[in-house]
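What follows is a single structure, written as structure tokens, with notes after it.
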Amino acid sequence: MPRKALIAANWKMYKTPAEAKAFVEAFLPLVAGHTRDEIALFPSPVLLPTVVAAAAGSNVAVGAQNIHFAEEGAYTGETSVGQLKAVGGTHTLIGHSERRQYFAETDEIVNKKLHTALAHSLIPVVCVGEVLAEREAGQTAEVLKRQIARALAGITAKQAAPIVIAYEPVWAIGTGKTATPEIAVEAHKIIRAEVAKLLGSTVAASLRILYGGSVKPDNATALIGQEEIDGALVGGASLKPDSFTAIVNY
Ligand code: PGA
């Protein structure tokens, strides 16, 4: 069965509630009736209730950029899965490279968060990707395999169906340097093969692997059009309804 692509907007730490609401109100008519792909918006936690309310009943899902692995507790500044679900979030990013880089998120933390997300029936988008020095040192495959194996530790094939992986080469994020389709496809194949090794070929065959890193309207078709690339995680170009719509319509 062909994999349904997911086109996801990572808004990072941008937009006020008023701006988020205006985006959704402008965006929904532009993608009304779009059923070829799934669409999801990932705003800051403070924007979640506004975005969920504005997107209610539409073909656009809403998720968090991060969750904590604990059910609840003394974790100042964090958001629990229960809180996310209570406001209507259905998806979450896990292990985005900015979380790894600036908030010391390790593969072990990513793994704990993945377990928590699956236990609560969220759709997790687990981000992996090499930094420039690792690519230049020829370590990309090794890094991706390690990140995947550690993220999936203790996850069974039975649990794995909702998991989405986002391949985001760190050197391509926010830099305007997109991976070529060839580079992305090669990385996706490494990831899919590793998932096949860990969870079996059935899980691997239906696993959605998104590409992220400077996806723009003018390169979206070349990337997402590849059989190996099952959607995109879009930062900068997802902030405006027109450019994100152009990517959704790749
Ligand atoms: P970018 O961000 O599209 O601005 O490169 C992608 C991401 O960080 O998910």
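Any read-out appearing in this document is the output of simple, stated calculations on the displayed coordinates, not a laboratory observation. Only a predicted model underlies this, so the values are computations on that prediction, with no experimental measurement involved. Please note: Cβ atoms are built from the backbone with ideal geometry, for glycine as well, and neighbour counts cover all protein chains shown.
Calculate, in nm to one decimal, what V87 and D218 gain on full extension: separation in residues at 0.36 nm each, minus their alpha carbon distance. Don't jump to the answer; show the numbers that get you there.
Working: separation 131, 0.36 × 131 = 47.16 nm, distance 3.46 nm.
Here the answer is 43.7 nm.
Quick one: compute the contact order of the chain, relative version, from alpha carbon pairs under 8 angstrom and 6+ residues apart, as a percent.
Details: 487 pairs, mean separation 51.0, N = 250.
Answer for the chain is 20 percent.
Return, ordered by residue number, the residues of segment 27-56 whose backbone nitrogen is under 13 Å from a label point located 7 Å along Cα→Cβ of Y14. Backbone N within reach: 42-44. Counting only lysines at least 8 places from K145 when in the same chain, those with an alpha carbon closer than 25 Å to its own are K4, K112, K113, K158, K177, K189, K197.
Remark: R100, R3 ranked as R3, R100, counting other beta-carbon atoms within 10 Å and listing the fewest first.
The chymotrypsin sites (Phe, Trp or Tyr not before Pro) of segment 74-125 that DSSP puts in a loop, and whose beta carbon has at most 14 other beta carbons within 10 Å, are Y75, F103.
Listed by chain and number, the aspartates and glutamates placed with their C-alpha closer than 13 angstrom to that of K216 are D242; residues fewer than eight positions away on the same chain are left out. So, in nm, how far is label R36 from label K177 when the simple model puts each one 7 Å beyond its Cα toward the Cβ? Using points 7 Å along Cα→Cβ, the separation is 3.1 nm.
In this simple spin-label model, placing a label point 7 Å from the Cα along the Cα-to-Cβ direction at both L132 and Q101 gives a separation of 1.0 nm.
Once the cut-off is 13 Å, how many percent of the Cα-Cα pairs in segment 197-250 end up in the long-distance tail?
On the way: 841 of 1431 pairs.
Distances greater than 13 Å cover 59 percent of the Cα pairs.
The stretch between K4 and A53 holds 15.1 nm of extra length on full extension. This uses 0.36 nm per residue minus the Cα-Cα distance. In the distance distribution for the chain, Cα-Cα pairs more than 25 Å apart total 38 percent. With the charge dipole of the chain set up from +1 on Lys and Arg Cβ and -1 on Asp and Glu Cβ about the Cα centre, the Cα lying farthest toward the positive end among the listed residues V81, A141, I190 is that of V81. Taking each residue as 0.36 nm, the span from A196 to V46 lengthens on full extension beyond its C-alpha to C-alpha distance by 50.3 nm.
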